[in-house]
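What follows draws every value from the coordinates through simple rules; no lab data is involved. Computed from a prediction, not measured in an experiment: that's the story for all the values here. Reconstructed Cβ throughout: ideal geometry from the backbone, glycine too, with neighbour counts over all protein chains shown.
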Amino acid sequence: MPAESAWQVVGLHHVAFAHGEGQAAEEALSRFIGAERTTEEAPGFIERMYPVGDAYVQTLEATGDGVVQRFLDKRGPGLHHVAFTVDRIDAALEDLRDRGVRLVDERPRPGGMGTRIAFVHPSGFGGLLVELVEQPGTPAPVGSI
C-alpha cells in the first residue's frame, strides 16, 4: 500500500490491447462501443482511445518495429497493459522504487491526451504490465520533464 497521503490510485484509466496492422479489430470495437475515438501515432504503432464510462479501451496497432511489434512477436494479440490514474505520479514512482518494485520508466514522460505516464515492469504485478497515468492539470514538481 502507498504511504498515507503520499499518492493514491484514483481510478482505472484504460485497458490496452495490442494487435497487428489492419482495421478489423478497430472496426469491430468501434461498432461494439459506438463511441468516437481519438487517434495518436507514435513510432512503430498507432494508439486509439475509445471512451467507455469514466475510462477508456485503448488499442495499439503495430505499424513497424517497436515495442508493440515485439510484444506481438512474443505473446500474440491481446491484453497489453492496464493503466491506473494516480494523483501524484512522481510520488508513486518514488514509493514503488523504495519498495523494490522494478520500473520500466524511472521518471514520468509525456503520454497521450496531455497526460504524464510511467510503466511498471510486469514482474512487479505478477506478469501484468501496469501503466501509471497522471491527468493534465496536476502540477508537475519543479525540475520534472
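Which percent, to the nearest 5, of DSSP beta bridges fully inside the stretch 9-134 are antiparallel? Numbers along the way, then the final one.
Values: 29 of 39 bridges.
So the antiparallel bridges amount to about 75 percent of the total.
By counting other Cβ atoms within 10 Å of each Cβ, how are THR39, THR115, THR63 ranked from fewest to most?
Taking fewest neighbouring Cβ atoms as first place, the list is THR39, THR63, THR115.
Got a sec to turn the phi values of the stretch 68-75 into Karplus ³J(HN,Hα) couplings, 6.51 cos²θ - 1.76 cosθ + 1.60 with θ = phi - 60°, whole Hz, x for Gly and Pro?
5, 5, 4, 4, 4, 4, 7, 10
Okay, helix-only estimate at 222 nm for the chain: each DSSP H run of n ≥ 4 adds -39500 (n - 2.57), divide by all residues, round to 500 deg cm²/dmol; what do you get?
Helix contribution divided over all residues of the chain: -6000 deg cm²/dmol.
Once phi is turned into θ = phi - 60°, what whole-Hz ³J(HN,Hα) does the Karplus curve with 6.51, -1.76 and 1.60 give for every residue of the stretch 118-129, x standing for Gly and Pro?
Each residue's phi maps through the Karplus curve to give 7, 9, 9, 4, x, 5, x, 9, x, x, 9, 6 Hz.
How far, in nm, would the chain grow between LEU79 and GLU21 when pulled straight, counting 0.36 nm per residue and subtracting the alpha carbon separation?
Gain on extension, LEU79 to GLU21, equals 19.3 nm.
Give, rounded to the nearest 20 debye, the magnitude of the charge dipole that the chain has about its Cα centre when Lys and Arg contribute +1 at Cβ and Asp and Glu contribute -1 at Cβ.
So the magnitude is around 280 debye.
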